[in-house]
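Taking it in order: structure first as structure tokens, then the write-up.
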Amino acid sequence: MTRTTLKCLLLASSMLGSAGLAHAEDVTLTIESWRNDDLTIWQEKLIPAFEAKNPGIKVKFAPTAPTEYNAALNAKLDAGSAGDLVTCRPFDVSLELYNKKHLADLTGLAGMENFSPVAKSAWTTDDGSATFCVPMASVIHGFIYNKDAFDKLGIAIPTTEAEFFAALDKIKADGTYIPLAMGTKDLWEAATMGYQNIGPTYWKGEEGRAALIKGEQKLTDEPWVEPFKVLAKWKDYLGDGFEAQTYPDSQNLFTLGRAAIYPAGSWEIGLFNTQAQFKMGAFPPPVKAAGDTCYISDHTDIGVGLNAKSAHPEEAKKFLSWVASPEFADIYANALPGFFSLNSTPVKMSDPLAQEFVSWREKCKPTIRSTYQILARGTPSLENETWVESANVINGTDTPEVAAEKLQKGLDSWYKPAK
Amino acid sequence: MSSAIMSEDSIQTPARAKRWHILVFLLPAFVIYSAVMILPLVETLRLSLFNTVDGQSTFVGFANFQVLFGQERWAADFWRALKNNFIFFAIHMLVQNPLGIALAAMLSIPKLRLATFYRTAIFLPTLLSFVIVGFIWKLILSPIWGITPFFMDLVGLKAFFAPWLGRPGSALIAVSLISVWQNIGIPMMLIYAALLNIPDEVIEAAECDGVTGWSQFWKIKLPLVLPAIGMVSILTFVGNFNAFDLIYTVQGALAGPDGSTDILGTLLYRTFFGFQLQLGDRSMGATIATVMFLIILAGVSLYLFGIQRRVRRYQF
């Protein structure tokens, strides 16, 4: 009985399914993704825009839960049942898929020229010879501040390190607001919002990052120790009991208006817009001296690649070229403020805070988080170690020099720079 | 003696039917236990002797153990985790079990009113999920929204409040005490049951001899519940060296700050499954799991052969 019902259902669904494909030549592309939050944006904005221009190609966005994505995708790719297009995590996770020949080489794809080498670095082989995912979005670090608080206390937006600390002193002296909303309990806040946020200014972005990977610079060198020294000074401006303050605590302290400055990642914009009752602004990491070049962490976060076993590689490539186009960038960046297109063509965004963040790309040099490419793949992972040491430096458990030494020692234990 | 039985058997029923039902009844338990306990254990032990060399799983002998104990980073992480684990265990033995015995002794006072209520209330946290306990205590101890600073302020002790979970010096003690709070119901219940098992005649005889109050507890009751205390201790030992969930929910997989709450369970988790950008290393994970297994095995053997045999049991 249940068997026949099942058969009927299968039959019916297959008939309906084929009936849905109006034209016989229609090709359906399926996108694997972990961004289930973005389902409506894909269904209502992105896919219709693509389908309108490309008759004959249908696109289906099929997200999995973020925590299950990597495992589910691996299983599907091994079984050969994965979708035509695969959303790529940055760096090693995707590189492994490419090395296993699950992802196709997209180096020559039309539209790839729209991206800078930094934008592509998360999905490029170590030697830079092949790119296997189209970069979709990045997140930018900086500081979000409470505009009302700044106006009330008469503080101008700080551009240099000295001005930054002067502003913090002023907020602290006034006492109404906690100067900086950050805690060290969850460790990664200290590393990601602290070290990787202000660091590029000191190690000169890509220049320092590349030198570190090549082994020309060490983490014990001054450009890498200095951000720790600055971070150590933050301690006095954090809230009471910051050692036990978690990431949601920091978010709440800021959106409730109890803190003046929030060391941020741009992904907060969407949440903060709905929660904060005051005006917000943003400024990039302050430079050492007025007139210095500013550097920002413009961290590559999402890409999309082609399943090497896809039955419709030509259509899929057409879609990928569209993802690489300014049109996609425009729709995507506006639908998800805080996730910025990596396209070289600047995108005009309607959200003022997001627009502020992205405007830094024009005046500052972008880089990605120093610990993500290559250096995180061994044991101990430099990224994880940086979490612990950044928190240690702020807590005062380790001095900046000791922290840097520990990191370098951990890295030396497994990483040998290519000569 | 066995030969006597056998000879008796062979005389009485030479062609006795085979007792298949014994096998049949044993089979389900044997199959399930093998599938979910023995096989994974053997597989873990096997995996600890293998490692990936050039993409192939290869037998490497004790090389993984050499890495774990020989390489500075691995050894430092491991010894730190082991040391923290011993502190974690010591706090349970010094706080949880004596308190559990005290609570059980108080509950067994016949005149105590509302005994059932206390018993239930104290046992309740044991039934809660680790996630809930971890979350509740993180909130209670939070310096920003927590009620601890508020209550301490009411009694004028605000100056003694500190963000305990965030300080390397106090985090492990704080987490251990949370675990004590959660698990204290188990020693209490076991010892309470043992105390109730003491026959009234023994107590009455003691009273006739003039042994009452504290001296009755120390001289009569405590020796009688000693086997139960031994069992509680070994349960605590096994539980503590397998612990993971509470630390993971309260302090995260990196068991911060500065790894000060890292115990063997969290080290195993990070190594085996990987964390954030660190990729999982199944061979090294299995190696740590094997060492944990050996530590627990050694502890339990020490108890079984060294202590349990010497504990005097009283038959009533």
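Is it the case that A:Phe328 is more than 21 Å from A:Pro284 (Cβ to Cβ), aromatic (Phe, Trp, Tyr) and away from chain B (no Cβ under 14 Å)?
Values: more than 21 Å from A:Pro284 (Cβ to Cβ): yes; aromatic (Phe, Trp, Tyr): yes; away from chain B (no Cβ under 14 Å): yes.
When the stated conditions are applied, A:Phe328 passes them.
Among A:Ile198, A:Ile155, which is the only one that is among the hydrophobic types (A, V, I, L, M, F, W, C), more than 28 Å from B:Phe275 (Cβ to Cβ) and not assigned by TED's automatic domain parsing to the domain that holds A:Leu342?
Numbers: A:Ile198 fails: more than 28 Å from B:Phe275 (Cβ to Cβ).
Being among the hydrophobic types (A, V, I, L, M, F, W, C), more than 28 Å from B:Phe275 (Cβ to Cβ) and not assigned by TED's automatic domain parsing to the domain that holds A:Leu342 holds for just one of A:Ile198, A:Ile155, which is A:Ile155.
Find the residue count for the range A:288-342, including only residues that are within 17 Å of A:Pro90 (Cα to Cα) and charged (D, E, K, R).
2
Spot the failing condition for A:Ile171; the list is (1) under 23 Å from the mean Cα position of the chain (by Cα); (2) of a type in the set (A, V, I, L, M); (3) not in a strand (DSSP E or B), and only one is missed.
(1)
In the set B:Thr249, B:Thr236, B:Thr271, which member is under 23 Å from A:Ala71 (Cα atoms), β-branched (Val, Ile, Thr), in the same structural domain as B:Val133 (by TED's automatic domain parsing) and surrounded by fewer than 23 Cβ atoms within 10 Å (Cβ to Cβ)?
Numbers: B:Thr236 fails: under 23 Å from A:Ala71 (Cα atoms); B:Thr271 fails: surrounded by fewer than 23 Cβ atoms within 10 Å (Cβ to Cβ).
Step by step, each of B:Thr249, B:Thr236, B:Thr271 is checked, and only B:Thr249 is under 23 Å from A:Ala71 (Cα atoms), β-branched (Val, Ile, Thr), in the same structural domain as B:Val133 (by TED's automatic domain parsing) and surrounded by fewer than 23 Cβ atoms within 10 Å (Cβ to Cβ).
B:Ala205 - would you say it is under 20 Å from B:Phe135 (Cα atoms), out of contact with any strand residue (DSSP E or B) (no Cβ under 6 Å at 6 or more places or on another chain) and either surrounded by 11 or more Cβ atoms within 10 Å (Cβ to Cβ) or in the same structural domain as B:Trp137 (by TED's automatic domain parsing) (or both)?
Numbers: under 20 Å from B:Phe135 (Cα atoms): no; out of contact with any strand residue (DSSP E or B) (no Cβ under 6 Å at 6 or more places or on another chain): yes; either surrounded by 11 or more Cβ atoms within 10 Å (Cβ to Cβ) or in the same structural domain as B:Trp137 (by TED's automatic domain parsing) (or both): yes.
Spelling it out, it is not the case that B:Ala205 is under 20 Å from B:Phe135 (Cα atoms), out of contact with any strand residue (DSSP E or B) (no Cβ under 6 Å at 6 or more places or on another chain) and either surrounded by 11 or more Cβ atoms within 10 Å (Cβ to Cβ) or in the same structural domain as B:Trp137 (by TED's automatic domain parsing) (or both).
Kindly indicate whether any position in the range A:368-384 is more than 25 Å from the chain's Cα centre (by Cα), within 13 Å of chain B (Cβ to nearest Cβ) and not in a loop (DSSP other than H, G, I, E, B).
Narrowing the range A:368-384 to residues more than 25 Å from the chain's Cα centre (by Cα): none.
No: the range A:368-384 contains no residue that is more than 25 Å from the chain's Cα centre (by Cα), within 13 Å of chain B (Cβ to nearest Cβ) and not in a loop (DSSP other than H, G, I, E, B).
If you check every pair at least six apart or on different chains, which have Cβ atoms under 6 Å apart with a residue in the range B:274-293 that is within 7 Å of chain A (Cβ to nearest Cβ) first and a residue that is buried (at least 21 other Cβ atoms within 10 Å of the Cβ) second?
Close Cβ pairs (under 6 Å, with a partner that is buried (at least 21 other Cβ atoms within 10 Å of the Cβ)) amount to B:Gln276/A:Asn384; B:Leu277/A:Ala376; B:Leu277/A:Ser381; B:Leu277/A:Glu383; B:Gln278/A:Ser381; B:Gln278/A:Asn384; B:Asp281/B:Thr271.
As an exercise: evaluate A:Phe278 against (1) closer than 21 Å to A:Pro179 by Cβ; (2) surrounded by 19 or more Cβ atoms within 10 Å (Cβ to Cβ); (3) among the hydrophobic types (A, V, I, L, M, F, W, C) and give the number of the one condition it does not meet.
Here A:Phe278 clears every test but (2).
Only one of these is exposed (fewer than 15 other Cβ atoms within 10 Å of the Cβ) and either in contact with a strand residue (DSSP E or B) (Cβ under 6 Å, 6 or more places away or on another chain) or modelled with pLDDT of 90 or more (or both): A:Glu401, A:Glu389, A:Glu405. Name it. It would help to see each step written out before you state the result.
On the way: A:Glu389 fails: exposed (fewer than 15 other Cβ atoms within 10 Å of the Cβ); A:Glu405 fails: exposed (fewer than 15 other Cβ atoms within 10 Å of the Cβ).
Selected residue: A:Glu401, the only one of A:Glu401, A:Glu389, A:Glu405 that is exposed (fewer than 15 other Cβ atoms within 10 Å of the Cβ) and either in contact with a strand residue (DSSP E or B) (Cβ under 6 Å, 6 or more places away or on another chain) or modelled with pLDDT of 90 or more (or both).
Check A:Ile140 against each of (1) modelled with pLDDT under 95; (2) over 19 Å from the mean Cα position of the chain (by Cα); (3) not in a helix (DSSP H, G or I) and name the one condition it does not meet.
For A:Ile140, the exception is condition (2).
Quick one: count up the residues across the range B:171-197 that are farther than 27 Å from B:Ala243 by Cβ and surrounded by 17 or more Cβ atoms within 10 Å (Cβ to Cβ). Give the steps one after another, and end with the answer.
In the first step, residues of the range B:171-197 are kept if they are farther than 27 Å from B:Ala243 by Cβ; the result is B:195-197.
The next check asks that each one be surrounded by 17 or more Cβ atoms within 10 Å (Cβ to Cβ); those that pass are B:195.
The number of residues fulfilling the criteria is 1.
When you scan the range B:247-273, how many residues do you find that are among the charged types (D, E, K, R) and more than 9 Å from chain A (Cβ to nearest Cβ)? If you could, list the steps in order and put the result at the bottom.
As a first pass, look at the range B:247-273 and keep what is among the charged types (D, E, K, R): B:258, B:262, B:270.
Next, from what is left, pick out any that are more than 9 Å from chain A (Cβ to nearest Cβ): B:262.
Total meeting the criteria: 1.
Would you mention how many residues in the range B:46-84 are among the aromatic types (Phe, Trp, Tyr) and closer than 14 Å to B:Asp262 by Cα?
First pass over the range B:46-84, keeping only residues among the aromatic types (Phe, Trp, Tyr): B:50, B:59, B:62, B:65, B:69, B:74, B:78-79.
When the remaining residues are screened for being closer than 14 Å to B:Asp262 by Cα, the result is B:74, B:78-79.
Residues meeting the conditions: 3.
Which of the residues spanning the range A:72-108 are touching a residue at least 40 places away in the same chain (Cβ under 8 Å), in a loop (DSSP other than H, G, I, E, B) and either over 21 Å from A:Lys60 (Cβ atoms) or among the small types (Gly, Ala, Ser) (or both)?
Listed by number, the residues that qualify are A:Gly80, A:Ala82, A:Gly83, A:Pro90, A:Phe91, A:Lys101, A:Ala104.
All but one of (1) outside the structural domain of A:Trp42 (by TED's automatic domain parsing); (2) assigned to a loop (DSSP other than H, G, I, E, B); (3) within 25 Å of A:Gly205 (Cβ to Cβ) hold for A:Gly338; which doesn't?
Exception for A:Gly338: condition (1).
Which numbered condition in (1) within 14 Å of chain B (Cβ to nearest Cβ); (2) on the phi > 0 side of the Ramachandran plot is the only one that A:Gly111 fails?
(1)
Can you go through A:Ala232, A:Ala244 and tell me which one is facing chain B (nearest Cβ under 10 Å) and either of a type in the set (A, V, I, L, M) or over 23 Å from B:Gln251 (Cβ atoms) (or both)?
Step by step, each of A:Ala232, A:Ala244 is checked, and only A:Ala244 is facing chain B (nearest Cβ under 10 Å) and either of a type in the set (A, V, I, L, M) or over 23 Å from B:Gln251 (Cβ atoms) (or both).
Does A:Glu362 satisfy being assigned to a helix (DSSP H, G or I), charged (D, E, K, R) and at the interface with another protein chain (Cβ under 9 Å from one of its Cβ atoms)?
On the way: assigned to a helix (DSSP H, G or I): yes; charged (D, E, K, R): yes; at the interface with another protein chain (Cβ under 9 Å from one of its Cβ atoms): no.
No; evaluated as a whole, the condition is false for this residue.
The values are calculated or read from the model by the stated rules, or taken from the named source; none is laboratory data. Since the model is a prediction, treat every value here as computed from it, not as a measurement. In this analysis, Cβ positions are derived from the backbone assuming ideal geometry, glycine residues included, and neighbour counts consider all displayed protein chains.
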